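Let me begin by presenting the structure, written as structure tokens, before commenting on it.
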Amino acid sequence: MIEVRRLGPQIGAEIHGVDVRKLDDAGFAAIYRAWLDSNVLVVPGQQLEIQDFLRYSRRFGVVHPHPSKMTRHPDYPEITLLGVNKFGPDGQLDQAIYRRGAEGWHTDGAYDQEPFKATQLYALAVPSSGGDTFFASMYAAYEALPPRLKQRLEGRKGAFTYGGRRKATALLNEEDRDWTPVFHPIIRTHPETGRKGLYFDPGKILRIEGVEAGESDELIDELTGYMIQPAGEYRHKWRKGDIVIWDNRCSYHKAAGDYPPEEDRIHWRVSIKERSAADTRASA
Ligand SMILES: O=C(O)CCC(=O)C(=O)O
Ligand SMILES: [Fe+2]
């Protein structure tokens with residue numbers, strides 16, 4: 001019997017009573033519904049091989065290799081390894097790997113024409129302290145905007161690149177660093193829930209289109225201040241065997257980046273996109 005427990009006041013839910021390797025369509029439909037309702041879904045206590053994780057992940061959409069080629073699993077390019085090869089040949093801690101995702105609140109893949117629908121992590125090793133992941137709702141951020149800002153932003157697009165204004169591209173290969181900007185509406189309607197969210201990422205946005213440069217920077221600062229609403233937050237403390245999936249269309253997240261570096265904190269990660277009509281036909 002599948003049981004859904006709410007975690008945070010607005011986002012976060014935990015599923016009990018499932019083994020994701022043996023989930024029928026009705027069971028998956030219940031999980032998918034709970035995920036849409038809660039933005040961040042935790043399925044604890046799973047024992048998975050890579051193929052199990054990929055198979056389960058593909059039920060949410062199409063799994064895509066991440067643009068950071070150097071952190072892909074050598075045999076499975078769709079799997080990104082988090083926390084692996086943290087120490088360089090000189091014994092120095094590689095901050096880009098250790099603090100991946102910890103530089104600020106963000107949403108995955110805003111630099112892509114079609115941003116990731118979801119990101120899913122499976123915990124293989126968990127440190128004795130620290131290393132949590134923080135989540136926050138884009139719906140709550142949108143709802144907190146004053147009417148003046150909602151009006152000003154309606155129909156406006158942001159220009160985004162991988163490294164944003166800081167050009168933070170350490171995890172990209174040299175030849176991939178010259179990123180062409182892509183454009184997304186700042187007020188985004190979720191394609192499945194129909195709810196509006198503040199689609200925003202201060203580390204990847206370059207500018208807001210159609211306003212002059214100084215004003216765009218001011219708007220970016222102002223919006224940054226609305227992203228995190230306390231009632232819209234959930235903080236995940238990892239246990240080995242946890243699967244966590246978050247919806248990049250309606251949530252921000254950030255790694256705490258604070259665990260003892262000599263300890264292991266290792267995840268498999270997949271980046272998931274929407275299934276297109278063509279994909280559906282191909283798998284039918
Ligand atoms: O390691 C984490 O807690 C999350 C890192 C992150 O931002 C991501 O995987 O997209
Ligand atoms: Fe991320």
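The values are calculated or read from the model by the stated rules, or taken from the named source; none is laboratory data. Computed from a predicted model, the values in this text were never measured in an experiment. Cβ atoms come from the backbone with ideal geometry, glycine included; neighbour counts cover every protein chain shown.
Structure notes:
- Strands (runs of 3 or more DSSP E) completely within the range 214-284 that count 2 or more residues being more than 26 Å from Ser38 (Cβ to Cβ) and within 16 Å of ligand 2 (Cβ to nearest atom): none
- Filter result for Val43 (of a type in the set (A, V, I, L, M) and either under 22 Å from Ser137 (Cα atoms) or buried (at least 18 other Cβ atoms within 10 Å of the Cβ) (or both)): yes
- Taken over the range 9-35, the criterion of being among the hydrophobic types (A, V, I, L, M, F, W, C) and either in a helix (DSSP H, G or I) or over 25 Å from Pro230 (Cα atoms) (or both) is satisfied by Val18, Val20, Leu23, Ala26, Phe28, Ala29, Ala30, Ile31, Ala34, Trp35.
- Here Leu172 fits the description: farther than 25 Å from Val40 by Cβ, aliphatic (A, V, I, L, M) and within 16 Å of ligand 1 (Cβ to nearest atom).
- As a summary of the residue check, Leu93 satisfies the conditions (1) touching an Asp or Glu at 6+ places or on another chain (Cβ under 6 Å); (2) at pLDDT 95 or above; (3) exposed (fewer than 14 other Cβ atoms within 10 Å of the Cβ); (4) not β-branched (Val, Ile, Thr) except for the one numbered (1).
- Filter result for the condition that a residue is among the hydrophobic types (A, V, I, L, M, F, W, C) and loosely packed, with under 13 Cβ neighbours inside 10 Å, over Ala231, Ala277: Ala277
- Contacts under 6 angstrom Cβ, first residue in the range 78-101 being within 15 Å of Arg269 (Cβ to Cβ), partner of a type in the set (Gly, Ala, Ser) and buried (at least 16 other Cβ atoms within 10 Å of the Cβ), 6 or more apart: Gly101/Ala255
- Selection status of Thr189, within 14 Å of Ala136 (Cα to Cα), surrounded by fewer than 19 Cβ atoms within 10 Å (Cβ to Cβ), β-branched (Val, Ile, Thr) and more than 16 Å from ligand 2 (Cβ to nearest atom): no
- Test for Asp52: is it exposed (fewer than 15 other Cβ atoms within 10 Å of the Cβ), outside any strand (DSSP E or B), more than 14 Å from ligand 2 (Cβ to nearest atom) and without any contact (Cβ under 8 Å) to a residue 60 or more places away in the chain: no
- Look at (1) more than 25 Å from Gln151 (Cβ to Cβ); (2) surrounded by 14 or more Cβ atoms within 10 Å (Cβ to Cβ); (3) modelled with pLDDT of 95 or more and you find that Arg195 fails only one, number (1).
- All of Trp238, Trp179, Trp268, Trp246 fail the test of being modelled with pLDDT under 95 and among the aromatic types (Phe, Trp, Tyr), apart from Trp179.
- Of all residues making up the range 204-252, the number that are more than 30 Å from Pro44 (Cα to Cα) and not polar (S, T, N, Q): 21
- When restricted to residues that are closer than 24 Å to Phe135 by Cβ and either in a loop (DSSP other than H, G, I, E, B) or in contact with a Leu (Cβ under 7 Å, 6 or more places away or on another chain) (or both), the range 171-213 contains 16.
- Residue, nearest to Ser276 (Cα to Cα), within the range 32-84, restricted to residues that are acidic (Asp, Glu) and more than 17 Å from the chain's Cα centre (by Cα): Asp52
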